[in-house]
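Everything on this sheet refers to the single structure shown next.
The values are calculated or read from the model by the stated rules, or taken from the named source; none is laboratory data. Predicted model only: the values in this text are computed from it and were never measured. Virtual Cβ from ideal backbone geometry, glycine too; neighbours counted across all protein chains shown.
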Amino acid sequence: MNLLQDTKRLNLQAKMMEKRKRLLKSALELFAEKGYSNTSVRSIIDRSGLGTGTFYKYFNSKEEILKALLEEFLSQIISSIKNYYTQEKNLYVRFIETKRVTMEVFAQNEKLSEIYCRAAGTSDVIDQCLKEFDDKLIEFSIKNIDYGIRHGIFRNLPVAPIAHAILAVEKYLLYKWIILKAISKEEMLEMVVSFHKSLAIGLVKIEALDEYVAQQINVEDKT
């Protein structure tokens, strides 16, 4: 009897998750097509093929569904960064390539990237969500640089201004790609990585940089 109940419960949870995903997918499509302000709850419900009661079972408002989309997007970015951290231990390389990992997630999610760029000023709730999103990215940069300082790889410089500048450059290049369409996806990624390579030259201690270059030469010699 317990096994039957567990099976029913799991099936019910799976169906609930599927309905929630349908609502999120429909909202994402409409926000990208029509813009957040021009998308109504009714249009999200109609696009999903679900009922009004089903929508309000999962979300209380249009703001709440946008907040959920942004939170899941942030989780995807953070997960990608953490996964990369487990693979790369060299702090110099990590500092540069973490930004490639971050921007590749944006590049792979064009609709969410556009919403991220356009959503500011929509409402106090959404602005707070975007602030939390940005603060989390800044926090990751601060922790990465702080770790390098503690281990003698990076110079002991004020970390917060650097982390904020990093986010500012990333957001502007994202805006140039997804909104202005002034640069390609590939150019956006290359510019972000190039910026961080230049930044790393000033951030990394000379002796640590020399050691990294020597390691690279040894690797090339062995191959």
Contacts under 9 angstrom Cβ, first residue in segment 126-146 being assigned by TED's automatic domain parsing to the domain that holds T98 and under 14 Å from L74 (Cα atoms), partner assigned to a helix (DSSP H, G or I) and among the polar types (S, T, N, Q), 6 or more apart
L137/T102; F140/T98; F140/T102
When the residues of segment 117-176 are filtered to those that are among the basic types (K, R) and within 21 Å of the chain's Cα centre (by Cα), which remaining residue is farthest from Y84 (Cα to Cα)?
R118
Failed item in (1) part of a helix (DSSP H, G or I); (2) in contact with a helix residue (DSSP H, G or I) (Cβ under 8 Å, 6 or more places away or on another chain); (3) modelled with pLDDT under 95, with A120 passing the rest
(1)
Among the numbered conditions (1) buried (at least 20 other Cβ atoms within 10 Å of the Cβ); (2) closer than 24 Å to E190 by Cα; (3) among the polar types (S, T, N, Q), tell me where Q87 comes up short.
(1)
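Please specify each residue of segment 90-110 satisfying the condition of being within 26 Å of Y36 (Cα to Cα) and surrounded by 13 or more Cβ atoms within 10 Å (Cβ to Cβ).
Taking segment 90-110 as the starting set, the residues that turn out to be within 26 Å of Y36 (Cα to Cα) are 102-110.
Within segment 90-110, T102, M103, E104, V105, F106, A107, N109, E110 qualify.
Matching residues to (1) over 26 Å from the mean Cα position of the chain (by Cα); (2) over 22 Å from T122 (Cβ atoms):
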site: M17; (1), (2): no, yes
site: R20; (1), (2): no, no
site: L23; (1), (2): no, no
site: A27; (1), (2): no, no
site: K34; (1), (2): no, no
site: I45; (1), (2): yes, no
Report yes if some residue within segment 179-190 is in a helix (DSSP H, G or I), basic (K, R) and without any contact (Cβ under 8 Å) to a residue 60 or more places away in the chain; otherwise report no.
no
Here are S113, S79, S75: which of them is part of a helix (DSSP H, G or I) and surrounded by 20 or more Cβ atoms within 10 Å (Cβ to Cβ)?
S113
Could you list, ordered by first residue, the pairs with Cβ atoms under 9 Å in which the first is in segment 20-39 and among the polar types (S, T, N, Q) and the second is loosely packed, with under 14 Cβ neighbours inside 10 Å and in a loop (DSSP other than H, G, I, E, B), at least 6 apart or interchain?
S26/G49
